[in-house]
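Data first, discussion second: the structure below is written as structure tokens.
The values are calculated or read from the model by the stated rules, or taken from the named source; none is laboratory data. Since the model is a prediction, treat every value here as computed from it, not as a measurement. Every residue, glycine as well, gets a Cβ built from its backbone with ideal geometry; the counts of neighbours run over all protein chains shown. Note: areas computed on protein heavy atoms with side chains; ligands, DNA, RNA excluded. Shrake-Rupley method; radii C 1.70, N 1.55, O 1.52, S 1.80 Å.
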Amino acid sequence: MRPVQTAASAVGAAFLLVGVLGFIPGITTHYDELSFAGHSGALLFGLFAVSVLHNLVHLLFGVLGLLAAKRAQFARAFLVAGGGLYVFLWVYGSAIGEHTAANFLPVNTADNWLHLGLGAGMIVLGIATTAVERARSNSPVN
């Protein structure tokens, strides 16, 4: 497995784990306030706003990462495009109010900063693992 595929697998597995943890009372505080979408009082690790929809998005993103990891070109696309999506989500989450209808996932300030870090990290992983592989092989990577 190429480094970019390993990175996509790790990111995908992490998203799957977070998606599952969002459904576990105790790990998700105020679990009784978990709603399908929109503002929810449930907090993953007592910090990150979650809803059923938010958890399902994490699970779906995790599955996509694991599937993308099967081929290097898809793994790169998952990391770079997925990272771009998370940077966009940071911008979106920062622009909307926490208690507005536009906050349908939901996201809070902790989520916003995590999304920025995830997005930047995924983009860096996609680019850096490809650059390292190309430098090692001295040939283009497909």
Breaking point among (1) surrounded by 15 or more Cβ atoms within 10 Å (Cβ to Cβ); (2) touching a Ser or Thr at 6+ places or on another chain (Cβ under 9 Å); (3) assigned to a loop (DSSP other than H, G, I, E, B), for residue 36: (1)
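Considering each of 60, 64 in turn, give the residue that is among the hydrophobic types (A, V, I, L, M, F, W, C) and either outside any helix (DSSP H, G or I) or over 20 Å from residue 124 (Cα atoms) (or both). Let's see the steps before the verdict.
Numbers: 64 fails: either outside any helix (DSSP H, G or I) or over 20 Å from residue 124 (Cα atoms) (or both).
Result: 60 is the single residue among 60, 64 that is among the hydrophobic types (A, V, I, L, M, F, W, C) and either outside any helix (DSSP H, G or I) or over 20 Å from residue 124 (Cα atoms) (or both).
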In segment 55-97, the residues that are buried (at least 21 other Cβ atoms within 10 Å of the Cβ) and either touching a Cys at 6+ places or on another chain (Cβ under 8 Å) or at pLDDT below 95 (or both): 93
Residue check for residue 49: in contact with a Pro (Cβ under 6 Å, 6 or more places away or on another chain) and among the aliphatic types (A, V, I, L, M): yes
Every pair of residues 6+ apart whose Cβ atoms lie under 8 Å, when the first sits in segment 6-27 and is within 23 Å of residue 133 (Cβ to Cβ) while the second is open to solvent by 10 Å² or more (accessible area, probe 1.4 Å) and part of a loop (DSSP other than H, G, I, E, B): 9/1
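Given the structure, is residue 104 in contact (Cβ under 8 Å) with a residue 24 or more places away in the chain, open to solvent by 70 Å² or more (accessible area, probe 1.4 Å) and touching a Gly at 6+ places or on another chain (Cβ under 7 Å)?
yes
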